[in-house]
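The values are calculated or read from the model by the stated rules, or taken from the named source; none is laboratory data. Please read these numbers as outputs of a predicted model, since none were measured by experiment. Using ideal geometry, Cβ is built from the backbone for each residue, glycine included, and neighbour counts are taken over all protein chains shown. Surface areas here come from the heavy atoms of the whole protein model, side chains and all, with no ligands, DNA or RNA. Shrake-Rupley method; radii C 1.70, N 1.55, O 1.52, S 1.80 Å.
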2 protein chains.
Amino acid sequence: MTLALDSAAQDLLFREAHTAHAFADEPVTDEQLRAVYDLVKYGPTAFNQSPLRITLVRSPEARERLVRQLSEGNRAKTAAAPLTAILSVDLDFHERLPELLPHAPGLKDRFFSELPVREAAGGFNAAIQIGYFIVGIRAAGLAAGPMTGFDAEGIDKEFFGDGRQKVLAVVNIGRPCEESYRPRSPRLAYEDVVTTV
Amino acid sequence: MTLALDSAAQDLLFREAHTAHAFADEPVTDEQLRAVYDLVKYGPTAFNQSPLRITLVRSPEARERLVRQLSEGNRAKTAAAPLTAILSVDLDFHERLPELLPHAPGLKDRFFSELPVREAAGGFNAAIQIGYFIVGIRAAGLAAGPMTGFDAEGIDKEFFGDGRQKVLAVVNIGRPCEESYRPRSPRLAYEDVVTTV
């Protein structure tokens, strides 16, 4: 046993978890989402900048507006998913830095006064948080169906009209069922990914 | 219990895990890294593109070259860490797509023939994989000290001379010790991060 994590947890989070394309007919509650967030919020980001924002698409009207912006192959499964979340970066994440990093109050202006810097750092760190969030959805016994096939400008316009947030991914969330999964695609070998110098 | 993941695993991966700034004097083995990779390789990426690459800096000469490229505050702790890994994106990740996504052989050329597209998609998906990797280090009972304070061009020149890879983060890895952790910084409240529409 080289890993400290027990094998049931390994299976739940990685080995038996798959991207889901269909879900059981069972709602995903706000309580479940809160439990996911209250776990994955502890995952680290650079300077604790925590730029990821999550928009839960619950109303039929909002779901319709979202589905219209998805690529063809993502529409039906998203229309049918128990819950869909828009994952975005808050480009004004730096406004919260004085609270998030109380021991370095000057950081907000020293590093993050320029929008392009915030786009790069915020996008990168929010993507790392998407990794944590997908793990967290699985930690709740749910399955995630993350997607990047959509019209990003269209989603930004529909849901983030003030220009402050930018969509990074859309993820369907629900209890897995027999039809959820496709066969697992191959992964790269350790030797293809890891080099020693 | 809203989460399916047991509380010991929650603690190991998120609640009691912290970014580490010092480590026990104990080596991190290739076997441990292999176990981490063999777990987190299952984390999903768009089109299974799997663009993250990991360079283990083991020789004193390579460590010296790396430390010189780090910002001042990251140097001493990296020089003293049991192991340091450079996390990078392979900008030619698309070359492996025919193996990684055997049911969609045309994707490599249809979507990824242009370098700027690969930089954006590869950087985003590799960052998501960094999230999985940090979780995986913790799953091995180790602690991670991820950093973004470095001269990226300098690291790319020193370690990726052919221009095919770009550094995204550098992470110290080791067994945690009493001096590893600083007090946890605050996190954003659920209400600050999650919106319902």
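Mind listing whichever residues of region A:68-87 are part of a helix (DSSP H, G or I) and either of a type in the set (Lys, Arg) or crowded, with 19+ Cβ neighbours inside 10 Å (or both)?
Matches in region A:68-87: A:Asn74, A:Arg75, A:Lys77, A:Thr78.
Among the listed residues A:Glu119, A:Glu61, identify the single one that is within 11 Å of chain B (Cβ to nearest Cβ) and open to solvent by 30 Å² or more (accessible area, probe 1.4 Å).
Step by step, each of A:Glu119, A:Glu61 is checked, and only A:Glu61 is within 11 Å of chain B (Cβ to nearest Cβ) and open to solvent by 30 Å² or more (accessible area, probe 1.4 Å).
For region A:122-164, give me each residue that is open to solvent by less than 20 Å² (accessible area, probe 1.4 Å), of a type in the set (Phe, Trp, Tyr) and under 15 Å from the mean Cα position of the chain (by Cα).
A:Tyr132, A:Phe133
How many of the residues in region A:88-116 are of a type in the set (Phe, Trp, Tyr) and surrounded by fewer than 12 Cβ atoms within 10 Å (Cβ to Cβ)?
Total satisfying the criteria: 0.
Name the residue that is nearest to the chain's Cα centre (by Cα), counting only residues in region B:81-110 that are in contact (Cβ under 8 Å) with a residue 12 or more places away in the chain and more than 18 Å from B:Arg164 (Cα to Cα).
B:Thr84
Which residues, counting only those in region A:1-51, are open to solvent by less than 50 Å² (accessible area, probe 1.4 Å), hydroxyl-bearing (Ser, Thr, Tyr) and either outside any loop (DSSP other than H, G, I, E, B) or closer than 30 Å to A:Arg110 by Cβ (or both)?
A:Tyr37, A:Thr45, A:Ser50
Among the residues of region A:68-77, write down those that are more than 12 Å from every other protein chain (Cβ to nearest Cβ) and either small (Gly, Ala, Ser) or closer than 28 Å to A:Asp92 by Cβ (or both).
Selection gives A:Arg68, A:Gln69, A:Leu70, A:Ala76.
Quick one: what pairs do we get from region A:178-197, first residue facing another protein chain (nearest Cβ under 7 Å) and open to solvent by 50 Å² or more (accessible area, probe 1.4 Å), second of a type in the set (Gly, Ala, Ser) and assigned to a helix (DSSP H, G or I), C-beta under 6 Å, 6+ apart or different chains?
If the second residue must be of a type in the set (Gly, Ala, Ser) and assigned to a helix (DSSP H, G or I), the pairs left are A:Val197/B:Ala62.
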